[in-house]
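Read the structure below first, then the notes.
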Amino acid sequence: MLKTSGKSRTAGQPPVQQSPVYLGIRSAILGHSITPGTKLPEDELGDIYSVSRTVVRAALQALALDHIVSLEPNRGAFVAKPTRLEAREVFEARSLLEPKVAAMAAEIAKPADIALLERHMEEEHAAVAAGKDGEAVHLSGQFHVAIAEIANHSIYTDFVRRLCSRSSLIVALYWRRRDTICEHHAHHELVKAIAQHKPKDAAELMVSHIVDLFSGLDLSEREPVGKKLSDILKV
C-alpha cells in the first residue's frame, strides 16, 4: 500500500481559507442558511464583513475552487447549484473513494480517533433532535472528513472534503426525505467497525451508507427559497 507523509493539508491552507469572509460564507452555505443559486454580491458582502471588495473577491474565488460558489462572467458570484448529473457523479465518486478510506481508517485507528468520531455523532444527533437539519448535514460531512483524516492520506482527505461540501449543496436541492441526513445508527455501525479494526466491514458499511444517502434524493429540479444575506451573515 502506498504511504503518505501524514501531514495535514489544513495547516498549510492559504490565509484566504482562514478568513472570516471565507469561513462565514462557507459555513452558511454548507449549513443550508444560504440556498443554491443565491447571488453573492461583492459590495453587500463587503458591507456585512466591513472589508474591501478585493478581500471578498478572494474569498469567493477560493470558494469557487471548492465548487461551492459559481463565478459567472458579467453576472457575478452565486452559490453553486449542482445539476442532477453532477449529483449522480458526486455520489458515484463517494461510493468509490470512501469505502477505501474507511478501510484504511479501520486499519490504523487509535482510541483517541474513535473518541473523536463519537463526539461527532453526538453533535450530529443533537442537531437532528433539535430540528436543525442544515447543521446536521454539515456535521455529517465533517464526520466523513474525520474518517478520511484518521486514514492519514492527505490527498484522499482533500477529495472527501470537497465531495462532502458538494453533497451538502446536493442535499439542499434534491432532498426528499428527512432521513437523508446521515442516520445515527449508520454512523454508529461505521465507528464500531473502525474501532474493532475490521477494514472489510468498514468498507461494506460505507458503500451501503452512501447508496442509502443517494436513494434519499429526488433528482428533479425545484427552486429553493432564499433569505437576505444581511440576515444570514451577521457578524
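Taking the criterion of being under 17 Å from the mean Cα position of the chain (by Cα) and not in a helix (DSSP H, G or I), would at least one residue in the range 89-107 satisfy it? Among the residues of the range 89-107, not one is under 17 Å from the mean Cα position of the chain (by Cα) and not in a helix (DSSP H, G or I), which makes the answer no. Between a first residue in the range 83-103 that is in the same structural domain as L163 (by TED's automatic domain parsing) and within 18 Å of I194 (Cβ to Cβ) and a second residue that is among the basic types (K, R) and part of a helix (DSSP H, G or I), which pairs have beta carbons less than 8 Å apart while being 6 or more apart in sequence or on different chains? Qualifying pairs under 8 Å: A103/K200.
Take the conditions out of contact with any helix residue (DSSP H, G or I) (no Cβ under 7 Å at 6 or more places or on another chain) and surrounded by fewer than 21 Cβ atoms within 10 Å (Cβ to Cβ) and apply them to R53. Does it pass? Taking the combined requirement at face value, the residue does not satisfy it.
Taking the criterion of being in a helix (DSSP H, G or I) and either surrounded by 17 or more Cβ atoms within 10 Å (Cβ to Cβ) or at pLDDT 95 or above (or both), the residues of the range 23-42 that qualify are G24, I25, R26, A28, I29, L30, E42. The listed residues are D158, D133, and the only one of them that is under 29 Å from I34 (Cα atoms) and touching a His at 6+ places or on another chain (Cβ under 8 Å) turns out to be D133.
Of all the listed residues (D133, D179), the sole one being of a type outside the set (F, W, Y), at pLDDT below 90, touching a Gly at 6+ places or on another chain (Cβ under 9 Å) and under 21 Å from F91 (Cβ atoms) is D179. Of all residues in the range 23-48, exactly one satisfies the criterion of being of a type in the set (K, R) and in contact with a Phe, Trp or Tyr (Cβ under 7 Å, 6 or more places away or on another chain), namely K39. Scanning the range 128-160 for residues that are crowded, with 19+ Cβ neighbours inside 10 Å and in contact with a strand residue (DSSP E or B) (Cβ under 9 Å, 6 or more places away or on another chain) yields one hit, V137. The sole residue among L163, L117 that is in contact (Cβ under 8 Å) with a residue 12 or more places away in the chain, surrounded by 17 or more Cβ atoms within 10 Å (Cβ to Cβ) and either closer than 22 Å to L217 by Cβ or among the small types (G, A, S) (or both) is L163. Elements of the type helices (runs of 4 or more DSSP H) sitting completely within the range 115-208 and holding at least 3 residues that are under 25 Å from I68 (Cβ atoms): these cover 133-151, 154-174.
The values are calculated or read from the model by the stated rules, or taken from the named source; none is laboratory data. Every value quoted in this text rests on a predicted model; they were computed, and no experiment measured them. In this analysis, Cβ positions are derived from the backbone assuming ideal geometry, glycine residues included, and neighbour counts consider all displayed protein chains.
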